[in-house]
Amino acid sequence: MRLVLLGPPGSGKGTQAARLKEYLQVPHISTGDLLRAEVAAGSPLGMQAKEVMARGDLVSDEILLGMLESRFSRADTANGFILDGYPRNQAQADALGVLLQKMGKPMDYAVQLEVPTELLVERIAGRAAAEGRADDTPESVRTRLKVYDSQTAPVIDYYRQHGQLTVVNGVGSLDEVFSRLVEALSPAKEVG
Ligand code: B4P
């Protein structure tokens, strides 16, 4: 199954994708994780991305598309993938459409995790205390939420207009949200 997980920062995309990957037996591709790995490795790409990410802004579309093409070329994506964190703007949504069409592998599902803003802020503050991620500072979180509203929310409307969107309530325990996702995806899992 080829699944795109959408939702604001803190909505649980990364958290749920880690569980869904076991359930669906397909790899979890997080553009945030790919970028953080580049930063940790100190690669030229990572050096370019580091500041942008810490501020909470989006890394360039060109870098993201190159990273994604290279990840999709790996054999483990043959039976599908869970894409988490991409697309984040309309240009990325268009690029993803073209890329999947070129590969002859259309997307099966775009799932939006819906969570109210107050709860997002609370969850990210919890992670900041536990993990100290460089972009979980209050200032960066404000920027990330603004960027989401202005650039990523329109992508959700785009998938809705194309009849490709499934909305899942992301409020509740990790198990509750996971059960809702499994239920929402079950017709697609049956047809493979
Ligand atoms: P991401 O890594 O995608 O970061 P994120 O949006 O915060 O989501 P994440 O998946 O990590 O968190 P989750 O909601 O699971 O992006 C980071 C940065 O990378 C971006 O700002 C940007 O700079 C760059 N980037 C990434 N993709 C890009 C792209 N396509 N284009 C350009 N730039 C890009 O979880 C958050 C917290 O909530 C966790 O602590 C978790 O434990 C908690 N939580 C989750 N579910 C919960 C629940 N049900 N109850 C309680 N807590 C819960």
Just for the stretch 73-89: of the residues that are of a type outside the set (Phe, Trp, Tyr), within 26 Å of Thr15 (Cβ to Cβ) and outside any loop (DSSP other than H, G, I, E, B), which one is nearest to the ligand (Cβ to nearest atom)? Asp84
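For every residue, the table says whether it meets (1) among the charged types (D, E, K, R); (2) in contact with a Pro (Cβ under 7 Å, 6 or more places away or on another chain); (3) surrounded by 15 or more Cβ atoms within 10 Å (Cβ to Cβ); (4) part of a strand (DSSP E or B).
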{"position": "Gln101", "(1), (2), (3), (4)": "no, no, no, no"}
{"position": "Ser140", "(1), (2), (3), (4)": "no, no, yes, no"}
{"position": "Leu145", "(1), (2), (3), (4)": "no, yes, yes, no"}
{"position": "Pro154", "(1), (2), (3), (4)": "no, no, no, no"}
{"position": "Val177", "(1), (2), (3), (4)": "no, no, yes, no"}
Sole exception among (1) in contact with a strand residue (DSSP E or B) (Cβ under 9 Å, 6 or more places away or on another chain); (2) free of Cβ contacts under 8 Å to residues at least 24 places away in the same chain; (3) more than 14 Å from the ligand (Cβ to nearest atom) for Glu176, by number: (3)
Of the residues in the stretch 100-150, those that are more than 17 Å from the chain's Cα centre (by Cα) and of a type in the set (A, V, I, L, M, F, W, C) come to Met103, Leu119, Val121, Ala125, Ala128, Ala129, Ala130, Ala134
Condition test on Arg133, is it in a loop (DSSP other than H, G, I, E, B), closer than 17 Å to Gly7 by Cα and out of contact with any Cys (no Cβ under 6 Å at 6 or more places or on another chain)? no
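Among the candidates Leu20, Leu3, which residue alone is touching an Asp or Glu at 6+ places or on another chain (Cβ under 7 Å), open to solvent by less than 10 Å² (accessible area, probe 1.4 Å) and either more than 6 Å from the ligand (Cβ to nearest atom) or of a type in the set (S, T, N, Q) (or both)? Working first, answer last.
Working: Leu20 fails: touching an Asp or Glu at 6+ places or on another chain (Cβ under 7 Å).
Result of the check over Leu20, Leu3: Leu3.
In the stretch 99-133, which residue that is among the small types (Gly, Ala, Ser) and more than 12 Å from the ligand (Cβ to nearest atom) is nearest to Arg36 (Cα to Cα)?
Residues of the stretch 99-133 that are among the small types (Gly, Ala, Ser), as a first pass: 104, 110, 125-126, 128-130, 132.
Those still in the list that are more than 12 Å from the ligand (Cβ to nearest atom) too: 104, 110.
Working: Gly104: 29, Ala110: 24 Å.
Among them, the one singled out is Ala110.
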Of the conditions (1) in contact with a Leu (Cβ under 9 Å, 6 or more places away or on another chain); (2) more than 28 Å from Val168 (Cβ to Cβ), Val59 fails just one. Which one is it? (2)
What pairs can you find where one residue is in the stretch 43-70 and among the charged types (D, E, K, R), the other is open to solvent by less than 30 Å² (accessible area, probe 1.4 Å) and not in a helix (DSSP H, G or I), and their Cβ atoms are less than 8 Å apart, with a gap of 6+ or different chains? Arg55/Asp135; Asp61/Asn89
Would you check if there is a residue in the stretch 151-172 being over 17 Å from the mean Cα position of the chain (by Cα) and within 14 Å of the ligand (Cβ to nearest atom)? yes
Any chance the stretch 23-36 includes a residue that's of a type in the set (A, V, I, L, M, F, W, C), surrounded by fewer than 18 Cβ atoms within 10 Å (Cβ to Cβ) and more than 7 Å from the ligand (Cβ to nearest atom)? no
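The values are calculated or read from the model by the stated rules, or taken from the named source; none is laboratory data. What you see is a predicted model; the values in this text were computed from it and never measured. Cβ sites come from the backbone with ideal geometry, for glycine too, and all protein chains shown count toward neighbours. Heads up: the accessible areas ignore ligands, DNA and RNA and are worked out on the full protein's heavy atoms, side chains in. Shrake-Rupley method; radii C 1.70, N 1.55, O 1.52, S 1.80 Å.
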